[in-house]
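Colleague: Take a look at this one; I'll ask things after.
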Amino acid sequence: MTHLFFAHGTGVRQSGYEQTLADIEKGLANAGRRDIAVSGVAWGERHGVKVTPGHIADMLPPEGAAKGATPTDPEVEAAIWAELMSDPVFELRVVAARVGGPPSPQPPGQVQPSERFKARLRSINIPDPAGGVTLEAVRNAAASLADGDYARVVVDAVRSASSAADPTLVSATARAIVAIALIDARGQPGEGPDALFVLSARADLVAQVEDSLTEGVKGAVGDWFRSRIRGWALGRATGYGRDRRDGLMGSVSPGMGDILLTQRRGQDVLGMLRDAINALEGDVVVIGHSLGGEHLVNLISGPDRPSNISKLITVGSQISFFTACDAMADLRLGAPLPADFPPWLNVYDRNDFLSFCAERSFKGGQGVRDIEITSGMPFPDAHGAYWRQPRLYDSLVDFIG
């Protein structure tokens with residue numbers, strides 16, 4: 001009888017292990033291989049981290065530990081800038097979406113307001129930009145609004161505003177310019193101008209851009225705009241706090257925690273897997289999902305490898321990344337696989353950002369082959385979607401033989 005031994009991934013506990021095991025059995029049966037005996041161990045149940053709500057509450061700032069806590073003003077401002085650093089014209093889109101009156105008719109030959117506004121963008125000049133941002137960076141950012149990918153949004157925003165000098169339009173434009181300049185200035189962690197890290201320097205730069213666009217004559221931003229942006233940001237900041245708390249208790253604490261724990265006490269997990277595999281008779285094909293694949297590779301490449309392992313399958317694996325970081329137990333960066341390393345099938349999905357190819361990263365052994373299984377799911381669902389894809393089992397059956 002052919003044995004398929006399953007090692008689950010990080011963050012999985014008994015119920016998740018049992019669900020995946022059932023999916024594998026069903027998938028193999030549908031592929032015509034009911035003869036393959038599927039087994040495994042729920043290593044996470046015994047050796048995984050056990051973070052409690054009390055631990056999480058102690059880790060978070062006191063005002064953020066309780067559910068329903070109101071975001072502070074700095075958290076609201078951080079939420080707005082987080083969106084701007086993702087979508088620099090986010091506020092301009094809000095301006096553009098506001099339904100105003102019909103645009104005033106322009107006399108023949110008169111320049112359209114949007115063109116006048118874009119001309120201001122093209123001629124922006126700040127003698128000494130605040131926050132360590134260069135004038136060139138500011139001008140490049142303004143040019144992308146005037147003539148680049150964001151030009152259409154600017155035209156729509158000007159059309160919806162009362163005029164090209166509308167204070168709300170100017171404010172949203174200035175923040176968009178600063179956001180674009182800061183995105184372009186990002187480097188390695190901690191690298192970049194002060195405006196990227198110091199809120200007061202960023203605010204000074206925004207004010208300078210506003211002055212340049214209005215020649216120093218500024219008005220008050222509309223209450224409707226402040227209210228809408230703040231209302232959105234309150235929801236975003238509340239969601240961030242909730243996601244941070246629930247993420248620590250949900251996917252991050254057992255997920256990341258299991259990775260950290262096994263870096264320190266991985267031999268406990270390997271010993272559990274080794275004993276279970278040694279107890280099986282005949283050849284065993286081992287299959288690991290995510291961190292389970294790392295465990296199996298460590299087991300196979302280590303000194304006490306079970307002699308009955310005949311083939312290896314990894315699904316949604318980070319082994320090539322861990323090896324590039326020289327973080328595997330016995331596989332070293334730049335070294336080939338041991339000559340007796342079994343045939344290896346590596347399954348990935350490009351929508352699963354925790355899956356990596358292996359075929360080009362590893363030489364030696366008895367061969368490594370990558371296959372892509374596309375679920376059509378976005379991340380993070382793609383990371384667990386492999387087990388519901390019929391093509392996976394066709395590939396497994398072909399590889400197992």
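Every number in this text was worked out from the coordinates using simple rules, so none of it is lab data. Since the model is a prediction, treat every value here as computed from it, not as a measurement. So basically every Cβ, Gly included, is an ideal-geometry build from the backbone, and we count neighbours across all protein chains shown.
Colleague: Could you work out how much longer the chain between Arg34 and Gln263 gets when fully extended? Use 0.36 nm per residue separation minus the Cα distance between them, nm to one decimal.
Modeller: On the way: separation 229, 0.36 × 229 = 82.44 nm, distance 3.63 nm.
Full extension of this stretch gives 78.8 nm more.
Colleague: Next question, about the same structure. Given N residues in the chain, what is its alpha carbon radius of gyration divided by 2.2 N^0.38 Å? All intermediate terms of the calculation are to be shown ahead of the outcome.
Modeller: Details: Rg = 28.1 Å, N = 401, 2.2 N^0.38 = 21.5 Å.
Cα Rg divided by the expected 2.2 N^0.38 Å: 1.31.
Colleague: I would also like to ask the following. Over the chain, calculate the relative contact order: mean separation of alpha carbon pairs under 8 Å at least 6 apart, over the residue count, as a percent.
Modeller: RCO, the chain: 20 percent.
Colleague: Can you tell me, using C-alpha contacts under 8 Å and at least 6 residues apart, the relative contact order of segment 85-221 as a whole percent?
Modeller: Contact order relative to length: 35 percent.
Colleague: Okay, next question. Quick one: net charge around Ala130, please, counting Lys, Arg +1 and Asp, Glu -1 for every other residue with C-beta under 9 Å from its C-beta. If you can, show how the numbers build up before the last one.
Modeller: Numbers: positive: Arg202; negative: Asp128, Asp194, Asp204.
Taking every other residue near Ala130 into account, the sum is -2.
Colleague: Give the peptides 360-373, 133-146 in descending order of average Cβ contacts within 10 Å, highest first.
Modeller: Details: 360-373: 15.9, 133-146: 19.6.
Averaged packing, sorted descending, gives the order 133-146, 360-373.
Colleague: State the Cα centre-to-centre distance between segment 123-157 and segment 298-367 in whole Å.
Modeller: So the separation of the two Cα centres works out to 48 Å.
Colleague: Work out the length of the dipole vector of the chain about its Cα centre, built from +1 on the beta-carbon of each Lys and Arg and -1 on the beta-carbon of each Asp and Glu, and round it to the nearest 20 debye.
Modeller: For the chain, the charge dipole is close to 580 debye.
Colleague: While we're here: Rounded to the nearest 0.05, what FRET efficiency is calculated for Asp223 and Glu136 with R0 set to 35 Å and r the Cβ-Cβ distance? Numbers along the way, then the final one.
Modeller: On the way: r = 36 Å, r/R0 = 1.02.
With a Förster radius of 35 Å, E is 0.45.
Colleague: Next question. Would you mind getting the Kirkwood hydrodynamic radius of segment 85-221 from its Cα pairs, rounded to one decimal in Å? Spell out each step's value before the answer.
Modeller: Details: mean 1/r = 0.0660 Å⁻¹.
With all distinct Cα pairs of segment 85-221 included, I get 15.1 Å.
Colleague: What's the center-to-center distance, using Cα atoms, between segment 185-202 and segment 26-59 in Å?
Modeller: Using only Cα atoms to place each centre, the spacing works out to 42 Å.
Colleague: While we're looking at this one, here's another question. So, counting K/R as plus one and D/E as minus one, what does the shell of residues with Cβ under 11 Å around Leu121 add up to?
Modeller: Numbers: positive: Arg116, Lys118, Arg120, Arg122, Arg139; negative: Glu115, Asp147.
Result for the neighbourhood of Leu121: +3.
Colleague: Answer rounded, prolate or oblate for segment 331-400, using the Cα gyration tensor with square roots of eigenvalues a ≥ b ≥ c: rounded when a/c is under 1.5, else prolate when a/b is larger than b/c, else oblate. Don't skip to the answer; put the middle values down first.
Modeller: On the way: a/c = 3.37, a/b = 1.62, b/c = 2.08.
Oblate shape, in that a/c is at least 1.5 and b/c is the bigger or equal ratio.
Colleague: Continuing with the same structure: Work out, step by step, the length gained on full extension between Ala339 and Asn125: first 0.36 nm times the residue separation, then minus their alpha carbon distance; give nm to one decimal. Please report the intermediate quantities before stating the final value.
Modeller: Details: separation 214, 0.36 × 214 = 77.04 nm, distance 6.49 nm.
Fully extending the segment from Ala339 to Asn125 adds 70.6 nm.
Colleague: Another one. Net charge near Val297, counting Lys/Arg +1 and Asp/Glu -1 over other residues with Cβ under 11 Å of its Cβ? Intermediate values should be presented prior to the final figure.
Modeller: Values: positive: Arg305; negative: Glu294, Asp330.
Around Val297, the charge tally is -1.
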